[in-house]
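Notes follow the structure.
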Amino acid sequence: MLWRRHTVYRDRAGGVVIRGEHVQRWISLAPSGRRDEILLRAGRILDGGTTAPARSETLVPLGAGTGELATACRRLLAETAADAAPPAPAAPGRTQRPGKPQRPGHRGKRMSLVSWMVLACVVGVVALYAYSTATTGTR
């Protein structure tokens with residue numbers, strides 16, 4: 001399911017990028033230039049499929065656990081979603097009934113599953129990067 005909905009590739013600088021066209025977001029992992037740190041960046045995908053510059057970024061130590069990496073990824077994606085343009089105003093003449101709360105739809109559960117799958121992929125890529133760096137002795 002993850003590979004059908006996301007595109008994973010290497011960018012020119014050697015980092016890994018995960019694009020989610022259906023959510024119009026991307027996240028990347030790249031060497032930071034400092035020893036034992038990785039640069040996480042997140043941004044939006046514009047209409048037409050072009051990638052907007054990163055909206056947020058952070059440095060994460062390679063020795064950090066998966067929990068810390070997952071927290072950083074979730075925070076970056078949340079900041080990117082919060083920076084997105086506000087939704088268009090409702091059509092005139094359409095009002096909500098004040099006494100009836102809206103029911104949560106299936107969409108929230110689906111997005112949660114997709115978010116966890118993207119997170120698992122990011123953690124796997126970081127682990128593979130750390131393992132390959134440790135085994136080849138490149139510093």
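Pulled fully out, how much extra length does the chain show between VAL8 and ARG34, if you take 0.36 nm times their separation in residues and subtract their Cα-Cα distance?
On the way: separation 26, 0.36 × 26 = 9.36 nm, distance 2.42 nm.
Full extension from VAL8 to ARG34 adds 6.9 nm.
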### Query
Which whole-Hz ³J(HN,Hα) couplings does region 13-20 yield from phi under the Karplus relation 6.51 cos²θ - 1.76 cosθ + 1.60, θ = phi - 60°, glycine and proline marked x?
7, x, x, 10, 10, 10, 9, x
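Show SER32, SER115 ordered by accessible area, largest first, where the area counts protein heavy atoms only and the probe is 1.4 Å.
Values: SER32 40, SER115 70 Å².
Reading off the accessible areas and sorting them downward yields SER115, SER32.
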### Task
Go ahead and run the numbers for FRET between LEU59 and LEU128, Cβ-Cβ distance against an R0 of 25 Å, rounding to 0.05.
0.85
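The values are calculated or read from the model by the stated rules, or taken from the named source; none is laboratory data. Just so you know, these numbers come straight off a predicted model, no measurement behind them. Backbone-built Cβ (ideal geometry, glycine too); neighbour counts: all protein chains shown. Please note that ligands, DNA and RNA were not included when accessible areas were found on the heavy atoms of the full protein model with its side chains. Shrake-Rupley method; radii C 1.70, N 1.55, O 1.52, S 1.80 Å.
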